[in-house]
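Enquirer: Sharing a structure below in structure tokens format, with a few things to ask.
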Amino acid sequence: QAQFVESGGDLVQAGGSLKLSCKAARMITSTFNPAIMAWYRQAPGKQRELVATITCGRDVNYAETVKGRFTISRDNSRKTIYLQMNSLKPEDTAVYYCNRYMQELSWGQGTQVTVSS
């Protein structure tokens, strides 16, 4: 089983919304709960970039490009993090991944988000 299992990606029109989920399938609860978790994305031909982070205390930070449109959250009981994406733009098109921030584990397959104009 993969370290992380991302889901929820889809093809949507600009202005639409999606909610992504990521289950830390192989992290044990005592490791997941205190971890700073993050969403990343990688667009075609570009490097992977950080989108948002969330601490165990639920302090959040966002890339400037998504601030005000995306919301990261977590459910420790499910070892799952989420990314609510609103007002989607074509430039949000990418494969979205989650991982532990600054102490990355092996990457999952990601989930494809495609925003049409």
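The values are calculated or read from the model by the stated rules, or taken from the named source; none is laboratory data. Worth saying up front: this structure is predicted, and the values here are computed from it rather than measured. Note that we place each Cβ from the backbone using ideal geometry, even for glycine, and neighbour counts take in every protein chain shown. With ligands, DNA and RNA removed, areas are computed over all heavy atoms of the protein, side chains included. Shrake-Rupley method; radii C 1.70, N 1.55, O 1.52, S 1.80 Å.
Enquirer: Alpha carbon centre of the range 9-49 versus the range 65-91: separation in Å?
Expert: 8
Enquirer: Using 0.36 nm per residue, how much length does the chain from Ala14 to Glu49 gain when fully extended, once their Cα-Cα distance is taken away?
Expert: 10.5 nm is the gain from fully extending Ala14 to Glu49.
Enquirer: Between Ser7 and Asn61, take the C-beta separation as r, use R0 = 22 Å, and let me know the FRET efficiency to the nearest 0.05.
Expert: Efficiency computed from Cβ-Cβ geometry: 0.40.
Enquirer: What is the sum of charges around Val60, taking Lys and Arg as +1, Asp and Glu as -1, for the other residues whose C-beta is under 12 Å from the C-beta of Val60?
Expert: Taking every other residue near Val60 into account, the sum is +2.
Enquirer: Still on this structure, please answer the following. Given only helices, namely DSSP H runs of n ≥ 4 each adding -39500 (n - 2.57), what is the per-residue ellipticity at 222 nm of the chain, to the nearest 500 deg cm²/dmol?
Expert: Taking each H run of at least 4 residues, the total per residue is -500 deg cm²/dmol.
Enquirer: Please give the FRET efficiency for Ser30 paired with Glu91, using the beta carbon to beta carbon distance and R0 = 30 Å, rounded to the nearest 0.05.
Expert: Rounded to the nearest 0.05, the efficiency is 0.20.
Enquirer: With only Lys, Arg, Asp and Glu charged, each at its Cβ (+1 for the first two, -1 for the last two), find how big the charge dipole of the chain is about the Cα centre; round to the nearest 20 debye.
Expert: The calculated dipole for the chain is roughly 240 debye.
Enquirer: Local charge sum around Phe4 (other residues, Cβ-Cβ under 12 Å, Lys/Arg +1, Asp/Glu -1)?
Expert: +2
Enquirer: Follow-up. So how do Glu91, Glu6 rank on accessible area, 1.4 Å probe, biggest first, that is with the largest at the start?
Expert: The ranking, largest first, comes out as Glu91, Glu6.
Enquirer: Now, a different point. Could you give the length gained by full extension between Ser117 and Asp75, i.e. 0.36 nm per residue of separation minus their alpha carbon distance, to one decimal place?
Expert: Length difference between fully extended and current span is 11.9 nm.
Enquirer: Then there is this: Among DSSP beta bridges lying fully in the chain, give the percent that are antiparallel, nearest 5.
Expert: Around 90 percent of the beta bridges assigned by DSSP in the chain are antiparallel ones.
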